[in-house]
Ligand SMILES: Cc1cc2nc3c(=O)[nH]c(=O)nc-3n(C[C@H](O)[C@H](O)[C@H](O)COP(=O)(O)OP(=O)(O)OC[C@H]3O[C@@H](n4cnc5c(N)ncnc54)[C@H](O)[C@@H]3O)c2cc1C
């Protein structure tokens with residue numbers, strides 16, 4: 001597959017990566033964004049989408065989801081390509097000093113600079129801690145639901161007590177032969193409405209709810225037959241040929257840790273004059289950046305991205321002088337914004 005050429009490759013479509021794409025456009029840099037998740041928004045969407053944020057300048061209050069929607073609207077004039085479900089893996093610097101970056105699925109970028117806005121690292125599902133689970137992954141053991149149809153007529157066990165476990169249990173009960181929700185306690189960290197809907201469905205006999213923890217999986221010939229549940233003083237076996245474990249996400253710096261950057265405590269050390277890492281041409285902004293007195297705040301990340309991209313420009317266009325124009329006087333930007341609003 002031919003490498004995709006870009007001035008800047010932005011790793012991470014959290015709030016900081018999204019704003020960086022806007023700044024890149026304003027400065028005159030082309031950019032592409034990659035994110036390991038299937039949707040944009042980073043922590044704002046994964047961890048607190050409906051919670052209000054009060055400390056974004058000039059927005060007295062908006063939910064985290066609204067902030068991400070506004071950022072997406074802000075970058076619309078630049079038609080930034082966003083590659084979702086793509087975790088960056090390898091990085092190599094070529095003789096001409098440009099970077100080749102490859103994702104786990106083999107998409108390759110050729111970039112003058114890299115801006116890492118990877119938060120705490122890629123979010124990966126918290127996996128089941130039973131030995132049989134690894135071999136059954138993606139066949140009978142799942143950590144997300146890609147297509148409801150894969151569960152039609154199956155005996156499904158959903159494990160977890162958060163929003164995603166309850167939402168998927170409620171959706172899957174309509175297609176599954178039998179649906180059992182298993183959670184370690186009779187209390188949930190999910191929306192009140194979802195908990196009420198689940199309890200109604202249990203009372204109506206549309207699904208089962210069991211308090212306990214997964215102890216082991218019975219899959220003698222590679223096909224899941226049942227799941228052993230440990231209760232306070234006994235165990236039970238529940239027939240199941242599909243298990244969906246939704247225990248939440250954990251952050252993992254993953255392959256970025258192997259990129260020969262100065263990494264301390266899981267974060268990338270940067271020079272605060274331009275947020276460049278120890279490898280010239282690779283920048284780190286947002287929660288993943290580390291420097292004295294770093295605050296993990298969205299507004300700090302916006303500032304960091306803005307400075308980093310000004311230095312990135314010198315790698316994309318060496319020797320070319322960039323004239324600073326305030327956005328309020330930027331005729332090209334005004335035209336783009338207007339054209340995008342009219343579409
Ligand atoms: C509950 C909660 C409430 C908060 N409230 C506030 C608040 O009120 N105000 C405030 O300013 N801040 C708040 N924060 C902090 C704020 O959300 C973070 O500072 C912000 O999300 C950091 O943005 P980011 O873009 O740097 O990283 P993230 O939002 O973490 O996004 C990083 C993205 O990078 C992707 N990624 C990581 N590694 C890779 C890889 N190898 N390949 C591809 N993609 C990758 C991830 O999938 C993720 O989407 C809150 C945080 C939490 C958890």
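Where a number appears in this text, it was derived from the coordinates with a stated rule and is not lab data. All figures in this text were calculated on a predicted structure; none of them were measured in a lab. So basically every Cβ, Gly included, is an ideal-geometry build from the backbone, and we count neighbours across all protein chains shown.
The table that follows gives values for the structure above.
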{"item": "Overall Cα dimensions of segment 127-247 - principal axes, largest extent first, Å", "result": "39, 36, 24"}
{"item": "Sum of -39500 (n - 2.57) over DSSP H runs of 4+, divided by residues of the chain (222 nm, nearest 500)", "result": "-8000 deg cm²/dmol"}
{"item": "Extension gain from residue 335 to residue 92, taking 0.36 nm per residue of separation minus the Cα-Cα distance", "result": "83.7 nm"}
{"item": "Sequence ranges 140-147, 27-34, ranked by mean other-Cβ count within 10 angstrom, highest first", "result": "27-34, 140-147"}
{"item": "Projected label distance in nm at residue 314 and residue 177, using a 7 Å step from Cα toward the beta-carbon", "result": "6.6"}
{"item": "Degrees between helix 331-342 axis and first principal axis of the chain (Cα, 0 to 90, nearest 10)", "result": "30"}
{"item": "Listed peptides 233-244, 316-327 by packing density, highest first (mean Cβ within 10 Å)", "result": "233-244, 316-327"}
{"item": "Gained length - residue 252 relative to residue 55, 0.36 nm times residue gap less alpha-carbon distance", "result": "68.2 nm"}
{"item": "Degrees, to the nearest 10: 192-203 long Cα axis against longest axis of the chain", "result": "20"}
{"item": "Principal axis dimensions, the chain - Cα atoms, whole angstrom, descending", "result": "72, 44, 40"}
{"item": "Cβ-derived FRET efficiency at R0 51 Å, residue 144 paired with residue 328, nearest 0.05", "result": "0.70"}
{"item": "Nearest 10 degrees, 0 to 90: helix 64-75 Cα axis against the chain principal axis", "result": "40"}
{"item": "Order by protection proxy (mean Cβ within 10 Å, highest first), peptides 10-23, 286-299", "result": "10-23, 286-299"}
